[in-house]
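Here's the structure we're looking at; comments come further down.
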Amino acid sequence: MEKYDVLIIGAGIAGLYAAMNIPKEKNVLVVCKDIPWECNTFYAQGGMVTAQGEADIPLHVKDTMIAGAEHNDREVVEILSRTSLETTKDIIDRGMQFDVGETGELLFTKEAAHSTARIIHAGGDATGRYMHHFMMTQNKHKLQRNTLVYDLLIENGRCFGAKALVNYEHKTILADDVIIASGGVGSLYEFNTNSRTVSADIHGICVEKGIELADMEMMQFHPTVFVKTPFARKLLLTEALRGEGAWIVSKDGRRFLFDYDERGELASRDIVSRAIFDHKRKTGQEVYLDFSMFEEKWFAKRFPNITRSFEAIGYKFPKDRVPISPAFHYAVGGIKCDTDGCVEGIDGLYVIGEASSTGVHGANRLASNSLLEGVVFAKRAVDHLLGKEKVEMAVPKFDKEYKNIVHHENDKIYKHRLRKIMWEEAGIIRTKKGLLKAKNLIYDMKNREIGRLLELRLNTAAAIIEAALKRKVSLGTHHIEK
Ligand code: SIN
């Protein structure tokens, strides 16, 4: 049986930055389900927020709280903003190259609901990819692919490691500390922008163990996504496009968002997503993202990734406008933890990044606060972990038998059914009737012969539905109609 000082589940920005901050003398294992770049970090386009010095902290906190419908924990938001000064400096000092201007100064962009330009970016619109590559090269610890965690080893309020399929072989991985950095829940939704590996398994394990999930009704939908592709992951069109001046228009070219909010394209993403959804529902017509105001050379340099990927499917930017729809993007809620990532009541278990719920995002995450969240709370969790006294404990026997980990023959059909019902009934606009319909369907599937991974997905989906049913009044991303 393998034994480590620290097991990190997930190799996105939170998992890798945690690994980078643990001394190389420690025996650390970072695992990922598939290949390391199949994670949400890799697909992040817009950038990473960083407070523009001390003076910007109150304003960044205010913007984050307004976007989050004041449901945020202010103290946690202050930690996020203040720590950004330290973590951004650290990442740059280690060698990460963000986009700079002619005199070498960092370039800042703006996204919706930010009152100032405070978002740094890399590769134009490929920030996540650049940061992920950089952190992969910085990580000195062992990184193991094809490791599908299907249980956490928890007994008497302590976590001892995890059970996983490693290249389809059952393995028990023991560790003094386990850090969950497994991302969100994208695969639960028919239309989503997430990596295919992000499928709520670890959340589902937590439900099974009685570990609290918080704010699970707060699921965020990105307003500008091209969904007309056959692949599960839909194509994101970064908010930075609107930050730089792109418009959202109706079929006849009208900027109808001003009918919904005076900030138009720069209203927070929950408001913009609902407005697009509502306009489509009322008119039955497409909504478009229009870049025709941009100069071609500038656009190709600022948004090279989007220019290339849409060229491959026949669009010529910035001349062509593109039909858009909101799609699931980010789990605001998650596994409840404190500001050091500690999961209450379970020693040796931490959670960081999108998988976690610290209360920082309130009811709706402010654009580009997520890469920042990944680094800030990874650093805090590692500081806590390294600073505590080591307590040796005998490892209990974990001999539960598991059948059908990967799938059962009908799982594919049920997974598809789940994604559809979550999109239709637990999506942008919800009703009590629809949520109850989804709940019945989920419990019906849970009672059938299904594989473990589907069971875990259903646990998480049920947690979202239960939380949505409990919150009777609309707030942030949770919008409920009579
Ligand atoms: C985007 O580039 O629009 C996504 C940024 C984010 O989700 O914060």
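Of the residues 170, 408, ranked by 1.4 Å probe accessible area with the largest first, the sequence reads 170, 408. Taking the longest Cα principal axis of the chain as reference, the axis of helix 411-425 is set at about 50 degrees.
Over all directions, how big on average is the projection of the convex hull of the alpha-carbon atoms in the range 142-216, in square nanometres? Write out the running numbers ahead of the final one.
Values: hull surface 24.6 nm².
For the range 142-216, averaging the hull's shadow over all directions gives 6.2 nm².
Which residue, 202, 107, 229, has the largest displacement toward the positive end of the dipole of the chain when charges sit on each Cβ (Lys, Arg +1; Asp, Glu -1)? It is 229. If you bin the C-alpha pair distances of the range 1-66 every 10 Å from 0, what whole percents do you get? All Cα pairs considered, the percentages come to 17, 32, 28, 20, 3, 0.
Rg over Rh for the range 347-482 works out to 1.05, using Cα positions for both radii and the Kirkwood form for Rh.
Cross-link pairs exceeding 29 Å in C-alpha to C-alpha distance, out of 142/397; 163/336; 163/234; 282/437; 379/403, comprise 163/234; 379/403. The loop-placed chymotrypsin sites (Phe, Trp or Tyr not before Pro) in the range 152-205, going by DSSP, that have at most 13 neighbouring Cβ atoms within 10 Å of their Cβ come out as 168.
In this view, the solvent-accessible surface of residue 251, computed with a 1.4 Å probe and all protein chains in place, comes to about 120 Å². Here the convex hull built on the C-alpha positions of the chain has a volume of 142 cubic angstrom per residue.
Simple point charges give the picture: +1 on the Cβ of Lys and Arg, -1 on the Cβ of Asp and Glu, and for the chain a dipole about the Cα centre of about 1540 debye.
Helix 57-67: angle to the longest alpha-carbon principal axis of the chain, degrees 0 to 90, nearest 10? The angle comes out near 90 degrees. Charge tally around residue 449: other residues with Cβ under 14 Å, Lys/Arg +1 each, Asp/Glu -1 each, net +1. Averaging over all projection directions, the Cα-based convex hull of the range 315-392 occupies 7.6 nm² in the image plane. Global dimensions of the range 206-296 from alpha-carbon coordinates: Rg and Dmax equal 16.1, 55 Å. Counted over the range 22-168 with a bin width of 10 Å, the fraction of Cα pairs per bin, in whole percents, is 10, 28, 31, 24, 7, 0. Measuring only protein heavy atoms, the 1.4 Å probe finds residue 477 accessible over about 10 Å². A helix-only calculation puts the chain at -10500 deg cm²/dmol for mean residue ellipticity at 222 nm, using -39500 (n - 2.57) for each DSSP H run of at least four residues, averaged over all residues. Calculated on the alpha-carbon coordinates, the convex hull of the range 281-338 measures out at 174 cubic angstrom per residue. Over all Cα atoms in the range 67-142, the spread is summed up by Rg and Dmax: 14.6, 41 Å.
Largest first, the residues 279, 479 sort by 1.4 Å accessible area into 479, 279. Angle of helix 74-93 to the longest C-alpha principal axis of the chain, folded into 0 to 90 degrees and rounded to 10: 90°. The accessible-area ordering, largest first, of the residues 273, 474 stands as 474, 273, per a 1.4 angstrom probe. Only protein heavy atoms count here; under a 1.4 Å probe, residue 25 has an accessible surface of about 150 Å². Taking the inverse of the mean 1/r over every pair of distinct Cα atoms in the range 366-438 gives a Kirkwood hydrodynamic radius of 17.9 Å.
The values are calculated or read from the model by the stated rules, or taken from the named source; none is laboratory data. It should be emphasised that the depicted structure is a prediction, and the values quoted were computed from it without experimental measurement. Note: ideal-geometry Cβ built from the backbone for every residue, glycine included; neighbour counts use all protein chains shown. When the accessible area is computed, the model is the full protein with side chains, heavy atoms only, and any ligands, DNA or RNA have been set aside. Shrake-Rupley method; radii C 1.70, N 1.55, O 1.52, S 1.80 Å.
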